Protein chains: 2
Amino acid sequence: MFKDATINEIDLAVIQSYQSFQQYRKYSLKQRADLMRAIAIELELCGDELIQNAMNETNLPESRLRGERARTIFQLTGYADACEKADWLDVRIDTAIADKVPPKPDIRKTMIPLGPVVVFGSSNFPFAYSTAGGDTACALAAGCSVIIKAHPAHAQTSEMVANAIHRAIKKNNFPEHLFAHIHGATFEVGKALVTHPLVKAVGFTGSFAGGKQLFDWGNQRKEPIPVFAEMGSVNPVFLLNEKLSQSATEIAKQFAASITLGVGQFCTNPGLIIGIKSDALNQFQTKVQSEIEDIVPAKMLHAGIAKAFFEKKENALQQSNVSLIAKGKFAADELSGEPTIAKVDAKTFLQNPLLHQEVFGPYSLLVECDDMNEMNEVANKLEGQLTASIIATENDLNENIELMDAIQNLCGRIILNGVPTGVEVCRSMMHGGPYPATTDARFTAVGADGIKRFARPIAYQNWNNDLLPDELKNENPLNIWRMINNEWTKNKID
Amino acid sequence: MFKDATINEIDLAVIQSYQSFQQYRKYSLKQRADLMRAIAIELELCGDELIQNAMNETNLPESRLRGERARTIFQLTGYADACEKADWLDVRIDTAIADKVPPKPDIRKTMIPLGPVVVFGSSNFPFAYSTAGGDTACALAAGCSVIIKAHPAHAQTSEMVANAIHRAIKKNNFPEHLFAHIHGATFEVGKALVTHPLVKAVGFTGSFAGGKQLFDWGNQRKEPIPVFAEMGSVNPVFLLNEKLSQSATEIAKQFAASITLGVGQFCTNPGLIIGIKSDALNQFQTKVQSEIEDIVPAKMLHAGIAKAFFEKKENALQQSNVSLIAKGKFAADELSGEPTIAKVDAKTFLQNPLLHQEVFGPYSLLVECDDMNEMNEVANKLEGQLTASIIATENDLNENIELMDAIQNLCGRIILNGVPTGVEVCRSMMHGGPYPATTDARFTAVGADGIKRFARPIAYQNWNNDLLPDELKNENPLNIWRMINNEWTKNKID
């Protein structure tokens, strides 16, 4: 439907993006926030047509898409508020000490944008992690221009959202090429974008293979650039004995729902459940089985994802000592993602790295350990994860410090007695984690702290007060919290 | 004198470092700070012997080395204070909202250490950016273990400092292998350290070639790790007309001193001075000449650096249209770094990238522009820098916004009417900058914010208050500033 952008078109788009960036970077935080709010309004104004389009392209149900658009609007306005509030600038001011030997100069530090950011839309969040999604909101808040590589699986939806952004830019007289929208289904389009010398950062949400490729391209450039890729995760769940024996059935219901939510198409889907052989674990398993067997499979996002799900799941099931313990109702549709739970003993799991890999979709593997030692071994063997969940009583936690330590080494977010799906958009969220969950564990993709991926500190030494950015001026005209001479304060500087 | 560590020795050192890390990461912020202060005390106790040793190995004068040790102690104790104060943890707490649909869980975010950090000691700062230097202090504050690759040019000094650190560890009963010291003059030692699977981050201060190699190794690992390399910089100085015409002589004196300070062996040495043809610029040049010609060359750090300085300087001088305008007094010693100022027209400079490269030592190139357009062109053509300096009146600044914009795009710190040498150790310092000045412009190597290079956020969802890290507990036992529900406060949570 949409033709791939040519190399010349990409070059022009990036050059224009850089020119618009040079204007936009000087806009105030309030102006940036106003633009983000204007985009949110335009997104709302897209009305039912946008939802209908996304339903056609993604097979996601209406209610989910309405919720996701609302979330996208919440991100845009929430990050706009954070942008204006300016605490992400980490302002530090040290005032001069003239009689120090040598004299200490006045130094003031804030953040400035990196430059044009390329954002790769994800397939599973056509709104919240695509065209006007979290990465776009963070980049605009940071003062960057944005170039979207539309996901080909929902290119029309992406086009509609891009048009909404363009309308917001035009109505509010922002630089015309602050936002660009590039179509492309090939390798070449992505490569041309990431390797363009004027591109200064990349945001990506998707597969390990895709994210790793962009990361490598970013690092191999003459001028390497930060590529923040949020990639796969199996999100292990550790079931501890006392808690499980108290409420195995309830926990099983909760996790059967979490595994199959949105046809399992979430990066926080619990793909691995680790328990210790016991009656309680049997009870858990029996309840998961009955819950899963009642589920009528829904359509996955697109044929490619459904095919990959089927192949990876079948491949896992064919590994030795892996047994199928539950699957959902039969569905003839080849797009359907059949909920599937498999089971394996911990020894086999520890020896077979294939079983550690993500199967994107409604699939989870139950790993049965002989004892806590084996569970600790599993926790220590796993690669980096976005999340880890622990189902435990206070006794369970206190008695298993070694497991707690291993889990904290492993992931970006740990959840006690809850499911990993459902990623709150708030300041305390860490949606990231050690490689291969992301390419840089020091940053988050969700929450306004994600703005920091696209900004860098700059210090002004001995600078003229009138020419300083507002957040650094003596008068504190933005009335923000600042660290002055090592103390947080909203005070002016005399 | 010291043999290179073997691959087996390196492997053992890293494994032991990892084991000690697993203990140390659970130590409180206060305990970490106490260790850093104990190291500072041991460093002081090394007394004159350490200074004498460093003088022998580096040719640096006694006063400089005493000052540098004092600075190193200030870094250790200053970062210890910052560590304990905990604001670098960027604590964010969002409390639960039970009646939200779906219910919003309690989420609390803090920072945890990355793991064992390899630090490559620099040649030009045997104390402040070596064994017990800024990177070591940042890594220990973050909760990481540290493995030092001693700089072979001051291996004995490094050994003495390492012993001081070991004494502090032993006296205070910290994990024995929290700090390791590896000797090595070869490529292989560095590679074995950076590519070891248990190493989780790297800090480096030195040449572009060295830093870039470590960065590539770090990225090419199965599990890529952050390599923060602070590399070369020419630190351009822009002389604007009104200011120069007011005080050309004074400015010339200031820069002649800055260029030759410490035999020019600072990463912030002003290696490029850009002015516009005028009587004032001639006056500036004349004064620089007379200042430089009076300088008796001092010995450089070691034969390798002296040789590289000589070769790079001669190579620059042999480029077409480059003329020598001043050099220091003659010195027969082949270790001497002869202060040298060259001059070139802007057109030649723009066309010859070799002239943009750092000549590490007491060398600076004066670039003569026809007008402001040419100066802007130069500013736009330069690669990433640690610093840029502007010599300007308020009129000069207001009339040259384009230049101001270009300079802010270029560097991590901008200095008005001052010299770039002299890097204050304070919270507002940004010692970093766009590539190739560093490998990641989002972090600083100087100041307590440098701790963030070696830590990553982790979120605790629905966690048990008693088991949370102190900084996240309801009672706020550390009495620190925390962002709770988007507002900064020291309040407890009820």
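What the table below lists for this structure:
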item: Surface accessible to a 1.4 Å probe, A:K312 within the full protein complex, Å²; result: 110
item: Cα centroid of the stretch B:406-477 to Cα centroid of the stretch B:58-97, whole Å; result: 11
item: Cut-off under 5 Å, modelled amide H: who pairs with B:N486 long-range; result: B:I93
item: Solvent-accessible area of A:E57 with every protein chain in place, 1.4 Å probe, in Å² to the nearest 10; result: 40
item: Kirkwood-type radius of the stretch A:1-146, with distances r between different C-alpha atoms, in Å; result: 17.6
item: If the convex hull is drawn through the Cα atoms of chain A, its volume per residue in Å³; result: 165
item: Mean Cβ count within 10 Å, highest first, over the residues of peptides A:4-11, A:424-431; result: A:424-431, A:4-11
item: Averaged over A:407-417, number of beta-carbon atoms from partner chains that fall within 10 Å; result: 5
item: Between the stretch A:235-249 and the stretch B:351-392, the alpha-carbon center distance in angstrom; result: 64
item: Computed magnitude of the charge dipole of the stretch B:369-494 (debye, nearest 20; Cβ of K, R +1, Cβ of D, E -1); result: 900
item: Exposure ranking of B:T387, A:T186 by accessible area [1.4 Å probe, largest first]; result: A:T186, B:T387
item: Positive dipole terminus of the stretch B:319-418, leading residue within B:A392, B:L403, B:L365 (C-beta point charges); result: B:L365
item: Charge dipole magnitude, Cβ of K and R +1, D and E -1 - the stretch A:171-291, Cα centre, debye nearest 20; result: 180
item: Computed magnitude of the charge dipole of the stretch A:1-113 (debye, nearest 20; Cβ of K, R +1, Cβ of D, E -1); result: 600
item: Solvent-accessible area buried by pairing B with A, both sides, nearest 100 square angstrom, 1.4 angstrom probe; result: 6800
item: Axis-proximal residue, chain A, for the rotation superposing A on B (Cβ, Å); result: A:N219, 2
item: Table column - 3J(HN,Hα) (Hz), the stretch A:120-126, Karplus curve with 6.51, -1.76, 1.60, x for Gly and Pro; result: 9, x, 8, 7, 8, 10, x
item: For the stretch A:250-259, Karplus couplings with θ = phi - 60° (6.51, -1.76, 1.60), whole Hz, Gly/Pro x; result: 4, 5, 4, 4, 4, 6, 4, 5, 5, 5
item: Sorted peptide list for A:140-153, B:475-488, B:191-204, criterion being average Cβ within 10 angstrom, highest first; result: A:140-153, B:191-204, B:475-488
item: Whether the stretch A:1-87 is rounded, prolate or oblate, judged on the alpha carbon gyration tensor where a/c under 1.5 counts as rounded; result: oblate
item: Cα convex hull of the protein assembly as shown - mean projected area over all directions, nm²; result: 38.4
item: Considering only chain A, percent of DSSP beta bridges that pair antiparallel, nearest 5; result: 35
item: Using θ = phi - 60° and Karplus 6.51 cos²θ - 1.76 cosθ + 1.60, couplings along the stretch A:459-476 (whole Hz; Gly, Pro as x); result: 10, 10, 9, 6, 8, 6, 3, 5, 9, 5, x, 3, 5, 10, 5, 3, 6, 6
item: A:F310 accessible area, assembled protein chains, probe 1.4 Å, Å²; result: 120
item: Teacher prompt: A:N173 distances to equivalent labels in other copies, 7 Å Cα→Cβ, nm; result: 7.0
item: Restricting the stretch A:318-376 to chymotrypsin sites (Phe, Trp or Tyr not before Pro) in coil, as DSSP defines it, with at most 14 other Cβ within 10 Å; result: A:F330
item: Share antiparallel - DSSP beta bridges, the stretch A:349-494, percent rounded to 5; result: 40
item: Dipole of chain B, positive end: most advanced residue of B:G304, B:Y79, B:N380 [Cβ charges, Cα centre]; result: B:Y79
item: The stretch A:283-357 shape via C-alpha gyration tensor axes, a/c threshold 1.5; result: oblate
item: Percent antiparallel among DSSP beta bridges (both partners in the protein assembly as shown, rounded to 5); result: 35
item: Within chain A, helix-based [θ] at 222 nm, where runs of 4 or more DSSP H residues each add -39,500 (n - 2.57), nearest 500; result: -13000 deg cm²/dmol
item: Position A:K26, label points 7 Å along Cα→Cβ, spacing to each other copy in nm (shortest first, one decimal); result: 5.6
item: Distances in nm from A:E314 to the matching label points in the other copies, shortest first (labels 7 Å along Cα to Cβ); result: 7.0
item: Aspartates and glutamates whose Cα lies under 14 Å from that of B:K171, excluding same-chain neighbours fewer than 8 positions away; result: B:D34, B:E42
item: Under 5 Å, built H, 5+ apart or other chain: amide partners of A:E230; result: A:F204, A:T205, A:G206
item: Overall form of the stretch B:151-192 per C-alpha gyration tensor (a/c, 1.5; a/b vs b/c); result: oblate
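The values are calculated or read from the model by the stated rules, or taken from the named source; none is laboratory data. As the structure is a computational prediction, the values presented were derived from the model and not from experiment. Cβ sites come from the backbone with ideal geometry, for glycine too, and all protein chains shown count toward neighbours. Side chains are part of the model used for accessible areas, which takes the heavy atoms of the whole protein and leaves out ligands, DNA and RNA. Shrake-Rupley method; radii C 1.70, N 1.55, O 1.52, S 1.80 Å.
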